[in-house]
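A.B. asks: Input: one structure, supplied below.
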Amino acid sequence: IDSTNAHQSGHTVSEEVVIENLEKLIAEAEGRVILSTFASMIERLAEVIKIAEKIGRYVAINGRSMKDNLEIARQLGYLSYKNGSLIPIEEVGKYDDRKVLIITTGAQGQENAGLMRIINGEHKHVKIKPGDTAIFSSSVIPGNERSVQQVKDNLARQGAIVHTNNDLDIH
């Protein structure tokens, strides 16, 4: 059972709705897509990779825990993807921005996570570009509101288009 938003009345949307909304945002993005979610959400990661394959985007994984979790899930048969769908994060710059989807850790604004390194200009291979679409496919964990807001603000200041669960049901 999930206790996220248990204090709010009503029902949560189905994962199908979340996936439909994510596909819409990714398909409509004119530049790179940088999607941040929890590294432990294997089903969501698998669905995002399927979306990328469907619409012709290459996927780069950013964040050690996310890479490790995906590899374990793949080895156990919980996840599969076509050869060539995933590209090394080091090679993102070799591809047309309209064909790149980066899935990264750091949805909660953690200092050393992949998204924060990108935003702060500390990542060796990825910098925010005006026109990038940043998608937060996660809810804010209570206590992280300030750090998540700072991440969203920094993305917007650098010219990224930011989408959260407040805009559309994407978590």
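A.B. asks: Determine the relative contact order of the chain: mean sequence separation of Cα pairs under 8 Å and six or more apart, normalised by residue count, in whole percent. Please report the intermediate quantities before stating the final value.
C.D. replies: Working: 271 pairs, mean separation 47.9, N = 171.
Relative contact order comes out at 28 percent.
A.B. asks: Could you tell me which trypsin sites (Lys or Arg not before Pro) in region 1-102 are loop residues by DSSP with no more than 13 other beta carbons within 10 angstrom of their beta carbon? Each step should come with its number before you reach the end.
C.D. replies: Details: sites: K24, R32, R44, K50, K54, R57, R64, K67, R74, K82, K94, R98, K99; in loops: R32, R57, K82.
Filter output for region 1-102: K82.
A.B. asks: Straight-line reach from K50: which aspartates and glutamates fall under 15 Å, measuring Cα to Cα and dropping same-chain residues less than 8 apart?
C.D. replies: Counting by Cα, and skipping residues close in sequence, K50 has these aspartates and glutamates nearby: E15, E16, E20, E23.
A.B. asks: Right, here's the next one. Name the long-range amide H neighbours of R32: under 5 Å, sequence gap of 5 or more, or other chain; modelled H, no Pro or chain starts.
C.D. replies: T133
A.B. asks: Please give the charge dipole size of the chain, origin at the Cα centre, charges +1 on K and R Cβ atoms and -1 on D and E Cβ atoms. Round to the nearest 20 debye. Could the numbers behind the result be given before it?
C.D. replies: Values: 20 positive and 23 negative charges, 119 e Å.
For the chain, the charge dipole is close to 580 debye.
A.B. asks: All other residues with a Cβ under 13 Å from the Cβ of A39 taken together, and with Lys, Arg as +1 and Asp, Glu as -1, what is their net charge?
C.D. replies: Numbers: positive: R44, R64, K67; negative: E43, D68, E71.
Taking every Cβ under 13 Å from that of A39, the sum is 0.
A.B. asks: Of K54/K124; K82/K152; K24/K82; K54/K152, which pairs sit farther than 26 Å apart, going by alpha carbon to alpha carbon?
C.D. replies: On the way: K54/K124 29 Å; K82/K152 32 Å; K24/K82 21 Å; K54/K152 28 Å.
Violating the 26 Å limit, Cα to Cα: K54/K124; K82/K152; K54/K152.
A.B. asks: Here's another thing I want to ask about it. As an exercise, identify the GluC sites (Glu not before Pro) in region 13-67 lying in DSSP coil whose Cβ has no more than 15 other Cβ atoms within 10 Å.
C.D. replies: Working: sites: E15, E16, E20, E23, E28, E30, E43, E47, E53; in loops: E30.
Those that pass, being in a loop and sparsely packed, are E30.
A.B. asks: In terms of modelled amide H atoms, which long-range or inter-chain residues lie less than 5 Å from the amide H of T104?
C.D. replies: Counting only residues 5 or more places away or on other chains, the set is L35, S36, T37, N62.
A.B. asks: Which value, in Å², gives the accessible area per residue of the chain when a 1.4 Å probe is used on the protein heavy atoms? Kindly include the intermediate steps, with their values, before the conclusion.
C.D. replies: Working: 9510 Å² over 171 residues.
Each residue of the chain exposes 56 Å² on average to a 1.4 Å probe.
A.B. asks: Apply the Karplus curve 6.51 cos²θ - 1.76 cosθ + 1.60, θ = phi - 60°, to the phi angles in region 71-87 and return the couplings in whole Hz, x for Gly and Pro.
C.D. replies: For region 71-87, the Karplus curve yields 5, 5, 4, 5, 5, 8, x, 7, 8, 9, 8, 6, 4, x, 5, 9, 10 Hz.
A.B. asks: Report the equivalent ellipsoid semi-axes for region 1-90 in whole Å, largest first, defined as the square roots of five times the eigenvalues of the gyration tensor built from alpha carbon atoms. Before the final figure, lay out each step's value.
C.D. replies: Values: eigenvalues 113, 62, 29 Å².
Over the Cα atoms of region 1-90, the ellipsoid semi-axes are 24, 18, 12 Å.
A.B. asks: Please state the shape class of region 44-137: rounded when a/c is under 1.5, otherwise prolate if a/b exceeds b/c and oblate if not, all from the C-alpha gyration tensor. Write out the running numbers ahead of the final one.
C.D. replies: Working: a/c = 1.78, a/b = 1.25, b/c = 1.42.
Note, shape of region 44-137 comes out oblate.
A.B. asks: Please label the shape of region 75-114 as rounded, prolate or oblate, based on the square roots a ≥ b ≥ c of the eigenvalues of the alpha-carbon gyration tensor (a/c under 1.5 means rounded; beyond that, a/b larger than b/c means prolate, else oblate).
C.D. replies: Details: a/c = 2.46, a/b = 1.13, b/c = 2.18.
Since a/c reaches 1.5 but b/c is at least a/b, the shape of region 75-114 is classed as oblate.
A.B. asks: Residue-wise, which Karplus ³J(HN,Hα) couplings in Hz belong to region 10-26, taking 6.51 cos²θ - 1.76 cosθ + 1.60, θ = phi - 60°, and x for glycine or proline?
C.D. replies: x, 10, 8, 7, 6, 4, 4, 5, 4, 5, 4, 5, 4, 4, 4, 4, 5
A.B. asks: Given a cut-off of 25 Å, what percent of all Cα-Cα pairs of the chain lie beyond it? Each step should come with its number before you reach the end.
C.D. replies: Numbers: 3832 of 14535 pairs.
For the chain, the fraction of Cα-Cα distances above 25 Å is 26 percent.
A.B. asks: Turning to a different aspect of this structure: Loop-only chymotrypsin sites (Phe, Trp or Tyr not before Pro) in region 81-136, please: DSSP not H, G, I, E or B, and at most 14 other Cβ atoms within 10 Å. Let's see the in-between values first.
C.D. replies: Details: sites: Y81, Y95, F136; in loops: Y81, Y95.
Passing sites in region 81-136 are Y95.
The values are calculated or read from the model by the stated rules, or taken from the named source; none is laboratory data. What you see is a predicted model; the values in this text were computed from it and never measured. Heads up, the Cβs are rebuilt from the backbone with ideal geometry, glycines too, and the neighbour counts pull from every protein chain shown. Surface accessibility is based on the protein's heavy atoms, side chains included, excluding ligands, DNA and RNA. Shrake-Rupley method; radii C 1.70, N 1.55, O 1.52, S 1.80 Å.
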